[in-house]
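Written below as structure tokens is the structure these notes are about.
Please treat every number below as a calculation from the coordinates, not as lab data. Computed from a predicted structure; not experimentally measured. Cβ placement follows ideal geometry from the backbone for every residue including glycine, while neighbour counts extend to all protein chains displayed.
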Amino acid sequence: MEIIAILLGGVLINNLVFAQFLGLCPFVGVSKNVEMATGMSAAVLFVMTMAAGVTALLHSLVLDPYGLTYLETVTFILVISSLVQFVETFLRKASPVLHRSLGIYLPLITTNCAVMGAALISVRQGYGVGLSAVNGFAGALGWSLAIILFAGIRERLELASVPEALKGIPVALVTTGLMAIAFLGFQGLFRFLF
Amino acid sequence: MNLWRILTNGVVKENPVFRLLLGLCPLLAVTTALMNGFWMGVAVIFVLTSSNIIVSMLRKVIAPRIRIPCFIVIIATFVTIVQMTMNAYLPDMYEILGIFVPLIVVNCVILARAEAFASKNPVVSAAVDGIGMGLGFTIALMVLGGVREFFGTANLVINGQPLFDAPLFEPALIMIMPPGAFITMGVLLALLNVMVNRGRSGAGA
């Protein structure tokens, strides 16, 4: 039951982009077309699930028992960046095709604050290793949903006649705002279901 | 390059938020009020200036291939210092800013300045660049926070003191909710575009 709650909550209610403002740089940066957005989403889905699991593992086995939680920030960022490096090297050997399609997005993920954010949120919520991974996965799903929907809208926006001053980023941000209002509607869902 | 130009470069010409669109996440997330924006800005100025200084000092020691991990460790150290200091002296603000204090470590403004400026310039310029960029970021945070707080609560709280006795008008709650952040930022950028374009056409005529 808790897993379903985390999954639904992560995708619809506490959506990383629309409710928590995480991962906005790539959200705006690589959402020019649906294809790129999908590639980025796959990479994020992969890394975020692993990062949340691994950081939770480190937190519960090393940092917490030895009273080192003040090293949280340093440890997490190092784990995430080496994980990204590892995933990139591994993919290059194991699946060159996948590497070619995800390759350019992988290094970008290190500075995607959503990955670190999801890891920090999991630890602060006190989730165990399994639930942390689920939380990371749910967050990544929500982020992917947001960026793919947004990329679709942006492709249309290219063809629309937008006032000169609003062209590009400003209209993209206003669109995101309107999507966020739509996602606010899901807030009642939780109270209704659980 | 003189120091004054480096300083104003960060505030105006290459303002990290309004011109380069870096560091959007903390910008939108913590700006529900003016003072939140201010303290977040102070934290960023400290981290950015300190990391710029250290990166610049070590720029001849760090091997180019491993520079990014080195920069990240330097930045993370200063972020930890900020976290501990804030937790000790400003516990309320630390609570409000929440995970966005540790997330300064992945703020792209800081890594971008380490990579693009501090690793190629002497210590003094790097420090000034850090202050300038940090100030530019803080100004953006405070403008956005101020606008959102004003329309969202119809009041402004500075240093715990409300500026007006009663709300000035019916507050638009949406402004302090997530959608308000996106819409305000979009509109601010559009206004800035209008101003820049007008200035340019005025100068051309």
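What are the membrane-span-like helices in chain A by this rule: whole DSSP H runs, Cα extent along the axis at least 27 Å, mean Kyte-Doolittle hydropathy at least 1.6?
Length and hydropathy pass: A:34-58.
Helix-only mean residue ellipticity at 222 nm, chain B, DSSP H runs n ≥ 4 weighted -39,500 (n - 2.57), per residue, nearest 500. What is it?
Helices in chain B give a 222 nm mean residue ellipticity of -22000 deg cm²/dmol.
Return the calculated 222 nm mean residue ellipticity for chain A, to the nearest 500 deg cm²/dmol, obtained by summing -39500 (n - 2.57) across DSSP H runs with n ≥ 4 and dividing by the residue count.
Counting only the DSSP helices, I get -23000 deg cm²/dmol.
Return the tail of the calculated pair distribution for segment A:2-193, meaning the percent of Cα-Cα pairs more than 26 Å apart.
In whole percent, the share of Cα-Cα pairs in segment A:2-193 beyond 26 Å is 36.
Please report, ordered by residue number, every helix of chain B (full DSSP H runs) that is 24 Å or longer along its axis going by C-alpha atoms and whose mean Kyte-Doolittle hydropathy reaches 1.6.
B:34-57
Normalise the Cα radius of gyration of segment B:3-204 by 2.2 N^0.38 Å (N = residues in it) and let me know the number.
1.09
Tell me which chymotrypsin sites (Phe, Trp or Tyr not before Pro) from segment A:23-79 have a DSSP coil assignment and no more than 10 other beta carbons within 10 Å of their own.
For chymotrypsin sites (Phe, Trp or Tyr not before Pro) across segment A:23-79 that sit outside H, G, I, E and B with at most 10 neighbouring Cβ atoms in 10 Å, the list reads A:TYR66.
I need the trypsin sites (Lys or Arg not before Pro) found in segment B:59-120, filtered to DSSP loop residues with at most 13 other beta carbons within 10 Å of theirs.
Passing both the DSSP loop test and the Cβ count: B:LYS60.
Count, for each residue of A:161-170, the Cβ atoms from other chains sitting within 10 Å of its Cβ, then give me the mean as a whole number.
What the average comes to for A:161-170 is 5.
Charges only on Cβ, +1 for Lys and Arg, -1 for Asp and Glu: so what's the dipole of chain A about the Cα centre, in debye to the nearest 20?
Taking the Cα centre of chain A as origin, the dipole is about 220 debye.
Could you give the size of the charge dipole of chain B about its Cα centre, using +1 on the Cβ of each K and R and -1 on the Cβ of each D and E, expressed in debye and rounded to the nearest 20?
1080 debye
In segment A:2-193, with Lys and Arg counted as +1 and Asp and Glu as -1 at Cβ, which of these residues, A:ALA52, A:ALA172, A:PHE86, has the Cα nearest the positive end of the dipole, that is, farthest along it?
Value: A:ALA172.
Tell me, what is the Rg over Rh of the protein assembly as shown, with Rh the Kirkwood radius over Cα pairs?
Reported Rg/Rh (Cα atoms, Kirkwood Rh): 0.96.
Treating only the Cβ of Lys, Arg, Asp and Glu as charged (+1, +1, -1, -1), what charge dipole size does the protein assembly as shown show about its Cα centre? Round to the nearest 20 debye.
The dipole of the protein assembly as shown has a size of about 1240 debye.
State, in angstrom, two size descriptors of segment A:136-184 derived from its alpha carbons: Rg to one decimal place and Dmax to the nearest whole number.
Rg and Dmax of segment A:136-184, Cα atoms, are 12.3, 39 Å.
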